[in-house]
Structures are given as C-alpha cells and as structure tokens.
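The values are calculated or read from the model by the stated rules, or taken from the named source; none is laboratory data. Not measured: the values here are computed from a predicted model. Note that each Cβ is placed from the backbone with ideal geometry, even for glycine, and that neighbours are counted across all protein chains shown.
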Amino acid sequence: MSDTKKPKKPSRQQVYTLLVQIGRKKGDGLPDKATGAALMCFASGVDEAEAVRETVAILKQADTAPLDVTGYGTLAEREEDGQEIDDEERALMQQALDDNAVIVAQVTPFYDKL
C-alpha cells in the first residue's frame, strides 16, 4: 500500500448568479406586509442546473417558498455581456466558490400596491 496521495484535481465548480423569487411561507423571515421577495444569490456548481438545484434545496430548508429562478451565468459570462461587477460582489462570489456554498447577497421584499 502506498502513502502517496494523488494530486488534487482542480475544481470544476463555478459560481452562478441567480435571481430567486420566493412566495410567503410561515417562518420565512420576510416583513409582515411583504407578499414575497427577490433574492440575489451566488451559488457554486459544476453547471448552472446544479447551482439552481442546490439553491432551491437550501432555500426550502430555510423555510422559504422558492417560486422561480432566473440564471444570469458565471462571472466570466456576465463580464462578456458587459456587466460591471463591483469588488463586494466579486468577494461574495469567491466566498461561494471557496465554501462550495449558496450566498444570498440581496433580499428585496415585494409589496402589493393598494
């Protein structure tokens, strides 16, 4: 038996920017009069489908009700589209990659107009 370790393969994980719309659910933490919210998330995955699945699973565990997910691609794809990405956003994306995690970067509650 050999004690030599195989070299670690480079990670195929990438970070995807996702916009998740959530509805109301008891214990979701949204403001009382909110009808739902939009969550800007950074999620790691080997592809966008995996990032979406992981994000939805985590949000369900957090007692939210995901309704719809829109993918905006990887950092490189967003830059190719001409989007400006600030340092704070880049740091959150790197954290999602480093931790193999889903980071909720922004929450925007929705309210019905009266």
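Below is a table of values for the structure above.
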read-out	value
Strands (runs of 3 or more DSSP E) fully within segment 16-114 counting 1 or more residues that are among the β-branched types (V, I, T) and without any contact (Cβ under 8 Å) to a residue 60 or more places away in the chain	65-74
Top-ranked residue of segment 80-97 - restricted to ones that are aliphatic (A, V, I, L, M) and touching a strand residue (DSSP E or B) at 6+ places or on another chain (Cβ under 7 Å), ranked as farthest from Q14 (Cα to Cα)	L92
Test: residue in segment 1-23 that is aromatic (F, W, Y), modelled with pLDDT of 95 or more and buried (at least 18 other Cβ atoms within 10 Å of the Cβ)	yes
Out of A34, A65, A105, sole residue that is in contact with a helix residue (DSSP H, G or I) (Cβ under 7 Å, 6 or more places away or on another chain) and at negative phi	A105
Failed item in (1) out of contact with any strand residue (DSSP E or B) (no Cβ under 6 Å at 6 or more places or on another chain); (2) among the small types (G, A, S); (3) under 10 Å from V15 (Cβ atoms), with A62 passing the rest	(3)
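A quick yes/no check of all residues on (1) of a type in the set (V, I, T); (2) closer than 24 Å to G36 by Cβ; (3) surrounded by fewer than 15 Cβ atoms within 10 Å (Cβ to Cβ):
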{"position": "E80", "(1), (2), (3)": "no, no, yes"}
{"position": "D87", "(1), (2), (3)": "no, no, yes"}
{"position": "A96", "(1), (2), (3)": "no, yes, no"}
{"position": "V104", "(1), (2), (3)": "yes, yes, no"}
{"position": "T108", "(1), (2), (3)": "yes, yes, yes"}
{"position": "K113", "(1), (2), (3)": "no, yes, yes"}
